[in-house]
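A short worksheet on the structure shown next.
The values are calculated or read from the model by the stated rules, or taken from the named source; none is laboratory data. These numbers were taken from a predicted model, which means no experiment stands behind them. When we count neighbours, we look across all protein chains shown, and the Cβ atoms used for this are built from the backbone with ideal geometry, even at glycine.
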Amino acid sequence: MKELTKTYAPKEFEDRIYATWCEKGYFTPDPASKAPTFSIVIPPPNVTGQLHMGHALDDTLQDILVRYKRMQGFNTLWVPGTDHAGIATQIKVEEQLRVNEGITRYDLGREKFLERVWDWKRQYGSRIISQLKKLGTSCDWTRERFTMDEGCSRAVKEVFVSLYEKGLIYRGNRIINWCPHCKTALSDAEVEYEEQAGHFWHIRYPIKGEDGYVEIATTRPETMFGDTAVAVNPEDEKTRHLIGKTLILPLVGREIPVIADDYVEIGFGTGCVKITPAHDPNDFLVGQRHGLEQIKVMNDDATMNRFAGKYEGMDRYACRKALIADLEAEGYLLSTEPHSHNVGTCYRCGTTVEPLTSDQWFVKMGPMIEPSLDAVRSGAIRFIPERFTRNYTVWMENLHDWCISRQLWWGHRIPAFYCDECGELTVTKEESAVCPKCGKPMRQESDVLDTWFSSALWPFSVMGWPDETEDLKKYYPTSTLVTGYDIISFWVSRMIFSGLEHTGKAPFSTVLIHGLVRDAQGRKMSKSLGNGIDPLEMIDKYGADALRFALATGNAPGNDMRFSDEKIEAARNFANKLWNASRFVLMNLTDDDMDLTLPRAEEMAAEDKWIVSRFNRLTRSVCENLNNYEIGVALSEIYDFTWDTFCDWYIELAKSRLYDKESEGASVARRTLLWCLTGILKLLHPYMPFITEEIFTALPHEGESIMISFYPDYDEHLLFAREEEEMERVISTIRAVRNRRAEMNVPPSRKANLIVITPYPETFRRATPFFEKLASAETLTVVDSYDGEGAVKIVTDSATVAIPMGDLVDLEKERARMEAERAKVLAEIDRIERKLANEGFVSKAPAAVVEGERAKLEKYRLTLSQLETALANL
RNA sequence: GGAGGCAUAGCUCAGUUGGUAGAGCACUUGCUUCACAUGCAAGGGGUCACAGGUUCGAGUCCUGUUGUCUCCACCA
């Protein structure tokens, strides 16, 4: 028989086991399977990224579900892959070019630059995949995908053309978020707001032909060059007289009208708002309503353009500073007050975004909103925890059109073509098209699509859509999507409306949301703080199983969790415990113990039936919790059972029979041990795949791997209520004896004779070896009555145990202790009696609860009478 | 401005349809018990933020208050 090393050493086997699983093809579902399917698509990590704790958590949860379902016999598929991550990847490669070669992408040109990015992708693209493998993820690697591979590109074109033809994609000049550093448009979702200290500058706008002026407050004076009106609310008495007047823009001298628009809030500020349609989303709308001219005053890099006059070429902030100084010098600056406000920043580079008007491509969201809300309302898609439904609904309801074009090079190039000859715009899936109108060659749109445009199609593009493939038929819609709450708006909602629009089906039925992994102090892990914990380092130090355990335990769905050395150490210790318990079982087994079935009920001792019955209950509870996505609760149940019930009690109880190796009892104990241990390994396998596999294959076992064995199932034939009760009596009495001995500082080496008075004489006679081994008993004698003086009396709800230890006993102390105990029991009896006397309780509480209280009362009464007898005998 | 989370043992957190509270770590005491000191045994420690309400019964459901975190919106 195989032997296990003395301590748990995950490095010795994790890689080997993973390689074996891959070789055997266990991760690939059987195409012939008729079983119900369970499918998941991985949230694709950035192709050039590295595994961080967020991934580790996300993918651990998915692997737990996938392995659980696979062991339950589902036809299970987990599709892996990576995302091209437009901006993120392009920034990285540009940075590398700058550092290594001192050049920009423009020096290389589009084609050469893209070659470089593909090189980069080839070089680093497999890194995160191999890191995922280290974690133990059971993805079907034969189906690995990339958001810019041929299939995904085809799906993207198909969707783009289809939406365009339906009128759901349009090109327009509208106000968008512009990142001056990335030099691209961003969607609303890609803008992060942060509170920044700023100022309100109050500026005087003179009224034409009058002496008066209008006071304007602004946080962004440099946009003044783009002002094309000043607005007041038509209902505002204080400003109504200004409507229709003409103002003169300070320093610029341009004339702008005062217009009336109820966008201006009465009572806020000066009641007069400068309107800059080209640089503010609200002003843009006001401008549209009033037909105002849009004057863009900045270049793509946020330097000022010719409309800024002498400030042309200055950076927007430099311009602001100079402008304020000039306004002050000319007497236009009325006052300055500090003002803190939210500033939009680019989610990739952190640069303050500039709202500006620009020609971009948009997805018209209107018609897709209602079906997306319906899918959730009807229950076709369920969020877990449920509260994220609201998060999703609110976002969906307030959705604006989605700006999908990016002025980047890395990404899906928009399949639109311009004919410079006749001005025709053609949107087509075809390459290098010729103008359908004039036959001249066309020029393809240079913009690429938002990364999230292709991610949104992921659940069906990876299945082969738009073709009616076998995978699509079998595995789409997918079952569960597992992701963090931080990308519900970026990704989850876009997959939902895309799935509904293009396949007519919601892409998944359940969305399991998890929180963020924070550091031990509760801070968000970030590069700039340098507080990130590297999952690979953790795997190296503690093993992948310990990492997975630490991530799966101790937190409820949707809540953030803290990660600490403490936590993963506890997980590693648990692995070590399981390892050593297995060593114990293994070293006791003999060559005859290849029978993997449980001994027959008649053969089993009370303790065997007890552990089997408890395991059976555990199985039921674990499955219930896993089915409800209570992944952490299920794990802690397995943990408690393994450590407390199996190791601390059952193994110890079994030892007394194992000594006599040849005996029938030893054989039964060995088979029960093996059966239970194997069951624990199976229950635990989804969480800790490596250690359970290593032990499983070391033990006598059926089948070549635990990962393709069947998950334990509740079996009513394995419920032994009577033996459970019997063993609980024994255990609680052993505990009580230990407790008294510890209180009295009796060393374990000092054995004692136990005299037991009990209504369950047989139980205690049979349990004699347990008291000898676990309660330092020399002998155990069951008697009808005992009045020995100078004995310590231990009273439980099933027995009075007397220990004659004359010299050690202080009679007065004993009396006091027992009186105290009596008082406690009396209080309990009183409490329960009052409860049972309460008619409301008896008539309204469930029968089982009332029955439970009655049983408790019974026990307390027994304890009380025993205590009183003992006191009388003292 | 709107929405939501959290508030339970010294610390970090569980607590699944309401039935007087649990774990890990830390702490105290005792153990070289032949699987494990990454261990074994015993123990101390909580008016479940506060105030009301529903109920026979509330950590759990409802309302409000306070503290704290997050998301969304963006009134210049």
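Quick notes on this one:
- Odd one out for residue A:86, checked against (1) buried (at least 23 other Cβ atoms within 10 Å of the Cβ); (2) within 16 Å of RNA strand B (Cβ to nearest atom); (3) closer than 30 Å to residue A:184 by Cα: (2)
- Residue A:387 of a type in the set (Lys, Arg) and within 30 Å of residue A:90 (Cα to Cα): no
- Selection within the stretch A:522-561 - within 13 Å of RNA strand B (Cβ to nearest atom), hydrophobic (A, V, I, L, M, F, W, C) and more than 15 Å from the chain's Cα centre (by Cα): A:529, A:546
- Taking the criterion of being more than 19 Å from residue A:343 (Cα to Cα), more than 9 Å from RNA strand B (Cβ to nearest atom) and surrounded by 16 or more Cβ atoms within 10 Å (Cβ to Cβ), the residues of the stretch A:269-289 that qualify are A:286, A:287.
- Residues in the stretch A:240-252 that are within 18 Å of residue A:212 (Cβ to Cβ), touching a helix residue (DSSP H, G or I) at 6+ places or on another chain (Cβ under 7 Å) and either within 14 Å of RNA strand B (Cβ to nearest atom) or of a type in the set (A, V, I, L, M) (or both): A:249 only.
- Annotation: of all residues in the stretch A:394-423 being among the aromatic types (Phe, Trp, Tyr) and within 16 Å of RNA strand B (Cβ to nearest atom), the one that is nearest to residue A:446 (Cα to Cα) is A:402.
- Taken across the stretch A:743-750, residues that are closer than 18 Å to residue A:650 by Cα and surrounded by 14 or more Cβ atoms within 10 Å (Cβ to Cβ) do not occur at all.
- Any hit, the stretch A:253-267, residues being near RNA strand B (Cβ under 10 Å from one of its atoms), under 26 Å from residue A:319 (Cα atoms) and either modelled with pLDDT of 90 or more or acidic (Asp, Glu) (or both): no
- Scanning the stretch A:366-400 for residues that are in contact (Cβ under 8 Å) with a residue 60 or more places away in the chain and charged (D, E, K, R) turns up A:382, A:387.
- Residue A:741 being assigned to a helix (DSSP H, G or I), touching a strand residue (DSSP E or B) at 6+ places or on another chain (Cβ under 9 Å) and either among the acidic types (Asp, Glu) or within 16 Å of RNA strand B (Cβ to nearest atom) (or both): yes
- Every residue from the stretch A:369-391 that is within 16 Å of RNA strand B (Cβ to nearest atom), in a helix (DSSP H, G or I) and among the hydrophobic types (A, V, I, L, M, F, W, C): A:369, A:373, A:376, A:388
- The stretch A:610-636, subset over 18 Å from residue A:58 (Cα atoms), in contact (Cβ under 8 Å) with a residue 24 or more places away in the chain and not hydrophobic (A, V, I, L, M, F, W, C), residue nearest to RNA strand B (Cβ to nearest atom): A:636
- Unique match (being surrounded by 15 or more Cβ atoms within 10 Å (Cβ to Cβ) and within 30 Å of residue A:55 (Cβ to Cβ)) among A:612, A:517: A:517
- Restricting attention to the stretch A:518-574, the residues that are farther than 17 Å from residue A:632 by Cβ and not basic (Lys, Arg) add up to 25.
- Filtering the stretch A:201-218 to residues that are loosely packed, with under 15 Cβ neighbours inside 10 Å and either within 14 Å of RNA strand B (Cβ to nearest atom) or among the acidic types (Asp, Glu) (or both) leaves A:210, A:211, A:215.
- Enumeration of residues in the stretch A:555-569 that are surrounded by fewer than 17 Cβ atoms within 10 Å (Cβ to Cβ) and either aliphatic (A, V, I, L, M) or touching a strand residue (DSSP E or B) at 6+ places or on another chain (Cβ under 9 Å) (or both): A:556, A:559, A:560, A:562
- Helices (runs of 4 or more DSSP H) within the stretch A:426-501 that include 1 or more residues within 16 Å of RNA strand B (Cβ to nearest atom) and surrounded by 15 or more Cβ atoms within 10 Å (Cβ to Cβ): A:451-455
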